[in-house]
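> Here you go, one structure.
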Amino acid sequence: MDLEQTLAIAASGLSAQGKRVRVIAENIANADSVAASPNGKPYQRKTITFENVLDRATGAELVKVKRIAPDRSPPIKRYEPGHPVADANGYVLTPNVDRLVEVMDAREAQRGYEANLQIIDAARHMASRTVDLLR
């Protein structure tokens, strides 16, 4: 595997983890929202999946976002009879977002992003050392 492939793979990893962080940030930002009406649906947590894609130009196997889709788990019901959007039984539908899960996903994405940065830095250092040796 040559340097160009290494950089392409690491760059695709950076892009994928960056998109993952954006999805997580959206989930956390909407964690406290509620349905707009008693019969409405609240924000649904989004999930991101990746796929392996062959880059024909470099021959490298890159990671790409396959899909960003809503999590199919049901919304969380909270008993708040005085809330303006409570249903007839006094329940308010809230998003299916667990902040702890989102924070852990964010940390994992951050570590993946940092690992790809380290690979780019190592490849750049190796290329620089090679040029130095050839002088």
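The values are calculated or read from the model by the stated rules, or taken from the named source; none is laboratory data. From a predicted model like this one, the values you see are computed outputs, not experimental measurements. Backbone-built Cβ (ideal geometry, glycine too); neighbour counts: all protein chains shown.
> Any residue in the stretch 1-22 that is more than 19 Å from Val65 (Cβ to Cβ) sitting within a Cβ distance under 7 Å of a residue that is small (Gly, Ala, Ser) and surrounded by fewer than 17 Cβ atoms within 10 Å (Cβ to Cβ)? List the pairs, counting only those 6 or more apart or interchain.
From residues that are more than 19 Å from Val65 (Cβ to Cβ), the pairs are Leu3/Ala127; Gln5/Gly59.
> Could you please find all residues in the stretch 1-41 being assigned to a helix (DSSP H, G or I), among the aliphatic types (A, V, I, L, M) and farther than 24 Å from Val92 by Cα?
Residues satisfying the conditions are Leu3, Leu7, Ala8, Ile9, Ala10, Ala11, Leu14, Ala16, Val21, Val23.
> What is the one condition in (1) at pLDDT 90 or above; (2) in a loop (DSSP other than H, G, I, E, B); (3) surrounded by 14 or more Cβ atoms within 10 Å (Cβ to Cβ) that Pro74 does not satisfy?
Against the list (1) at pLDDT 90 or above; (2) in a loop (DSSP other than H, G, I, E, B); (3) surrounded by 14 or more Cβ atoms within 10 Å (Cβ to Cβ), Pro74 comes up short only on (3).
Condition check ((1) more than 29 Å from the chain's Cα centre (by Cα); (2) loosely packed, with under 11 Cβ neighbours inside 10 Å; (3) within 27 Å of Ile24 (Cβ to Cβ)) across all residues:
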residue: Lys64; (1), (2), (3): no, no, yes
residue: Ala69; (1), (2), (3): no, no, yes
residue: Gly82; (1), (2), (3): yes, yes, no
residue: Gly90; (1), (2), (3): yes, no, no
residue: Val103; (1), (2), (3): no, no, yes
residue: Ala106; (1), (2), (3): no, no, yes
residue: Gly112; (1), (2), (3): no, no, yes
residue: Ala123; (1), (2), (3): no, no, no
residue: Leu134; (1), (2), (3): yes, yes, no
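> In the stretch 64-87, which residues are out of contact with any strand residue (DSSP E or B) (no Cβ under 8 Å at 6 or more places or on another chain), in contact (Cβ under 8 Å) with a residue 12 or more places away in the chain and among the small types (Gly, Ala, Ser)?
If the condition is that a residue be out of contact with any strand residue (DSSP E or B) (no Cβ under 8 Å at 6 or more places or on another chain), in contact (Cβ under 8 Å) with a residue 12 or more places away in the chain and among the small types (Gly, Ala, Ser), then Ser73 is the only one that fits.
> Could you say whether any residue in the stretch 23-33 is surrounded by 15 or more Cβ atoms within 10 Å (Cβ to Cβ) and free of Cβ contacts under 8 Å to residues at least 24 places away in the same chain?
Scanning the stretch 23-33, I find at least one residue that is surrounded by 15 or more Cβ atoms within 10 Å (Cβ to Cβ) and free of Cβ contacts under 8 Å to residues at least 24 places away in the same chain, so the answer is yes.
> Could you tell me whether the stretch 45-60 includes any residue that is assigned to a loop (DSSP other than H, G, I, E, B), modelled with pLDDT of 90 or more and touching an Asp or Glu at 6+ places or on another chain (Cβ under 6 Å)? Can you show your working first?
The first filter runs over the stretch 45-60 and keeps only residues assigned to a loop (DSSP other than H, G, I, E, B), leaving 45, 56-59.
If we keep only those that are modelled with pLDDT of 90 or more too, we end up with 45.
When the remaining residues are screened for being touching an Asp or Glu at 6+ places or on another chain (Cβ under 6 Å), the result is 45.
Yes.
> Taking the residues in the stretch 84-107 that are in a loop (DSSP other than H, G, I, E, B) and of a type in the set (Asp, Glu) as candidates, determine which candidate is modelled with the highest pLDDT. Before the answer, list the steps.
Here is the first cut: in the stretch 84-107, the residues in a loop (DSSP other than H, G, I, E, B) are 84-90, 95-98.
Now drop any that are not of a type in the set (Asp, Glu), which leaves 87, 98.
On the way: Asp87: 89, Asp98: 96.
Checked the stretch 84-107; the qualifying residue modelled with the highest pLDDT is Asp98.
> Still on this model: Which numbered condition trips up Ile28, out of (1) within 30 Å of Ala122 (Cα to Cα); (2) at pLDDT 95 or above; (3) hydrophobic (A, V, I, L, M, F, W, C)?
(1)
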